[in-house]
1. On the basis of being more than 22 Å from ILE76 (Cα to Cα) and not assigned by TED's automatic domain parsing to the domain that holds VAL36, does ASP188 make the cut?
2. Could you tell me whether any residue of the stretch 91-110 is loosely packed, with under 15 Cβ neighbours inside 10 Å, among the small types (Gly, Ala, Ser) and at pLDDT below 95?
3. Check LEU62 against each of (1) in a helix (DSSP H, G or I); (2) over 19 Å from LYS120 (Cβ atoms) and name the one condition it does not meet.
4. May I ask you to list the residues in the stretch 32-48 that are within 26 Å of the chain's Cα centre (by Cα) and of a type in the set (Ser, Thr, Tyr)?
5. Would you point out which residue out of ASP186, ASP159 is closer than 15 Å to VAL107 by Cα, out of contact with any Phe, Trp or Tyr (no Cβ under 9 Å at 6 or more places or on another chain) and acidic (Asp, Glu)?
6. Tally up the residues in the stretch 24-39 that are closer than 20 Å to TYR119 by Cβ and touching a Lys or Arg at 6+ places or on another chain (Cβ under 7 Å), please.
7. Within the stretch 78-104, count every residue that is part of a helix (DSSP H, G or I) and in contact (Cβ under 8 Å) with a residue 12 or more places away in the chain.
8. If you go through the stretch 119-148 one residue at a time, how many are part of a helix (DSSP H, G or I), among the polar types (S, T, N, Q) and over 23 Å from LEU92 (Cα atoms)?
Amino acid sequence: MKKESMSKRKLQAIETKKKIYEAARQLVIKHGFENVSVDSIVEAAAVSKGAFYVHFESKDALAAALVNDYTNIADIDYKSFLITHSDSKSALDILILLTEKISDFIVINIGFENMRILYKAHLTKTINTESAMSYNRELYKMFTEVLERGVRQGEIREDLPVDSLAKHLILSIRGITFEWCIRYPDFDLKEQVMDHFKILLYGLKK
């Protein structure tokens, strides 16, 4: 009986945490992270403020969980996208398509307001954004694999290390996304990223 009671409490705790997380996620999508308070989260989740702090040390800790999950969701989305493309496509074409997919994900799924807050978090270190920044992130592996394929197929010059190239390509996306944040709304992220990548990849052609 005692074991059953413990299991019930554990399940309730898991359910409460999920309710808080989902309420926060929906509010952040709608209003942007900085415009969402702990009070608004617990009200939307229909839980007490005490319950919030049982599961999350702070609003920033919840934000770190959101960043981690969005990073994983993005990388799964990119990987699925790559798998659907035929092996007959050139590595350079695949890189262009992948870059287009990333631009769409940033604009549609994350949005300007949350992207701006993420860049601020990267700089101030108030939120743990390591999952999005880590060189062990799946996104780096995807770029590296496509570049390696390009070298094997004789499309891409082999005098530059592919892991370094992958970092530089992702660095360029980050830089243009930052430019989007400071020039919004008079800056088309997708258009600028695509134009920039075509210039970069042209220089990599063998």
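The values are calculated or read from the model by the stated rules, or taken from the named source; none is laboratory data. As the structure is a computational prediction, the values presented were derived from the model and not from experiment. Counting neighbours? That spans all protein chains shown, and the Cβs are built from the backbone with ideal geometry, glycine included.
1. On the way: more than 22 Å from ILE76 (Cα to Cα): yes; not assigned by TED's automatic domain parsing to the domain that holds VAL36: yes.
Yes; evaluated as a whole, the condition is true for this residue.
2. Checking the stretch 91-110: not a single residue is loosely packed, with under 15 Cβ neighbours inside 10 Å, among the small types (Gly, Ala, Ser) and at pLDDT below 95.
3. Just one mismatch for LEU62, condition (2).
4. Of everything in the stretch 32-48, those that are within 26 Å of the chain's Cα centre (by Cα) and of a type in the set (Ser, Thr, Tyr) turn out to be SER37, SER40.
5. Details: ASP159 fails: closer than 15 Å to VAL107 by Cα.
Result of the check over ASP186, ASP159: ASP186.
6. Number satisfying all stated conditions: 0.
7. Pass one, the stretch 78-104, residues part of a helix (DSSP H, G or I): 78-83, 91-104.
Still in the list and also in contact (Cβ under 8 Å) with a residue 12 or more places away in the chain: 78-79, 81-82, 91-92, 94-104.
Final tally of qualifying residues: 17.
8. Taking the stretch 119-148 first, the residues part of a helix (DSSP H, G or I) are 119-124, 130-133, 138-148.
Next, only the ones that are among the polar types (S, T, N, Q) stay: 124, 131, 144.
After this cut, where a residue has to be over 23 Å from LEU92 (Cα atoms) as well, the list is 124, 131.
The number of residues fulfilling the criteria is 2.
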